[in-house]
DNA sequence: ACCGCACCCTGAGCGC
DNA sequence: TGCGCTCAGGGTGCGG
């Protein structure tokens, strides 16, 4: 489940491989929920475009093209953005993994790869694969905006306690729900919300308005720390996520609570609990988090 | 304004 | 062995 660190790792690894190249051809999968811009239009409009930069806003990637045009990309839950030729078991459907293991021949064309870009220099292209199609791709004209981007709050890497404190006043929702609100903080998802709350010693169910100024400061610091640490380790590869080179991230090995229900807390050895908050599974240590 | 919830999608894992 | 059910959750949109 790609959150800010996974998207940022993608950006850092892809930028040097894409910026300065010019798109030669585009192939798309069939129209679907995934395409905000119809695939036929992408196939026509992207040809000849130079890639001039790769930027990130929250969990969105923006590929800057010629004359102010931009390609908006979102990885959703299962999105994989990678350089053609990268290898990873996560890129192969299970039926085909089994067929390969039995020594059978080539892998069939993959129905989950929705966007393929090739470049004029003839080097390896870009692939966007997304099993569940919760990802998004949209071509933005020069000066055109996207309501999703307009609604984003402060980038989570630069959050401070005062911002959290101000945003949480008068809010009855659990503090975790506030962390997940992209309009307040852009980039935090389920994994890092749970991890930051653990590191700050705050129970995820605590009503936002009852989190003190001091706790907000601690929480903001831990949000930044956990995101930065995850970026350093290449992000979390828990279900589908891979880096653009096909490698797994390593942050899942440093999780303290996420998906550790029933295990012993690394700090106090209490049993990690799992509850549901706003339809998201949430994990915390009942002793370390009050 | 705020908040809870249904929905979009597919594959893994489980019980029978 | 295989079928059908539930769950996973980022983001949008709707109803109360």
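Some observations on this one:
- Using the Cβ-Cβ distance between residue A:150 and residue A:225 with R0 = 45 Å, the FRET efficiency computed as 1/(1 + (r/R0)^6) comes to roughly 0.95.
- Prolate/oblate/rounded call for region A:4-150, Cα gyration tensor, a/c under 1.5 rounded: prolate
- Between the helical axis of A:4-18 and the longest alpha-carbon principal axis of chain A there is an angle of about 30 degrees.
- Across the alpha-carbon set of region A:1-88, the Rg to Rh ratio works out to 0.94, Rh being the Kirkwood radius.
- The gain in end-to-end length when the residue A:36 to residue A:287 segment is fully stretched comes to 85.8 nm, 0.36 nm per residue minus the alpha carbon separation.
- FRET efficiency, 1/(1 + (r/R0)^6) with R0 35 Å, evaluated for residue A:84 and residue A:142 via beta carbons: 0.75
- By the helix-only formula, in which each DSSP H run with n ≥ 4 contributes -39500 (n - 2.57) and the sum is divided by residues, chain A has a 222 nm mean residue ellipticity of -8000 deg cm²/dmol.
- For chain A, the spread of Cα positions along each principal axis, largest first, Å: 56, 52, 30
- Per-selection metrics, region A:106-218 (Cα): Rg and Dmax in Å: 19.6, 59
- Between residue A:212 and residue A:19, the simple label model (points 7 Å from Cα in the Cβ direction) yields a spacing of 4.4 nm.
- Nearest-ten-degree value, helix A:213-232 long axis tilted from longest Cα axis of chain A: 30
- Our summary gives chain A a relative contact order of 21 percent, counting only alpha carbon pairs under 8 angstrom and 6 or more residues apart.
- Computed P(r) (all Cα pairs; region A:170-290; 5 Å bins; percent): 2, 12, 21, 24, 21, 12, 6, 2, 0
- Overall dimensions of region A:169-229 by Cα: Rg and Dmax, Å: 10.3, 32
Only the coordinates and a few stated rules stand behind these numbers; no lab work does. Given the structure is predicted, the values throughout are model-derived calculations rather than measurements. Because the Cβ atoms are built from the backbone with ideal geometry, glycine has one as well, and the counts that use them run over all protein chains shown.
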